[in-house]
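**Q** My structure is below; once you've seen it, I'll send some questions.
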Amino acid sequence: MVFQRNAEPTGSHEMLCEAENDAEILFVCTDETCGRRVVVGKSQPRLTVIDRGDFSVPHVGSRGGVVVDGVEAA
Ligand SMILES: [Zn+2]
């Protein structure tokens, strides 16, 4: 993955793991004006959106075998 500070509002946002437990990982968008937060299941493909944030922007995040690509489900 290429880390890139993208100043363009039309770019994609990166999501980072902020917390996790045995079953789920909390991902938070690194764009402070966005504030998107989602919980992703580890053992099964499950996505829960806590805060939608700027859901018009593609969100990409990854951590330790769990890859979130283009998270845009509502
Ligand atoms: Zn975002």
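Where a number appears in this text, it was derived from the coordinates with a stated rule and is not lab data. Small disclaimer: the values here were computed from a predicted structure and weren't measured. FYI the Cβ positions are ideal-geometry reconstructions off the backbone, even for glycines, and counts take in every protein chain you see.
**Q** What ³J(HN,Hα) values, in whole Hz, does the Karplus curve 6.51 cos²θ - 1.76 cosθ + 1.60 give for the stretch 28-39 when θ = phi - 60°, with x put for Gly and Pro?
**A** 10, 5, 7, 8, 5, 7, 9, x, 5, 9, 9, 10
**Q** Taking the simple approach of a point 7 Å from Cα along Cα-to-Cβ for both Thr48 and Ala19, what is their distance in nm?
**A** So the two model labels end up 1.2 nm from each other.
**Q** Exposure proxy check: Cys29, Cys17 ranked by fewest other beta carbons within 10 Å?
**A** Cys17, Cys29
**Q** Can you tell me the length gained on complete extension of the stretch Phe55 to Thr33, counting 0.36 nm per residue apart and subtracting the Cα distance?
**A** Working it through step by step, the gained length comes to 6.7 nm.
**Q** Using modelled amide H (1.01 Å from N, peptide plane; none on Pro or chain starts), what sits under 5 Å from the amide H of Ile50, excluding residues fewer than 5 places away?
**A** Result for Ile50 returns Arg37, Val38, Val39.
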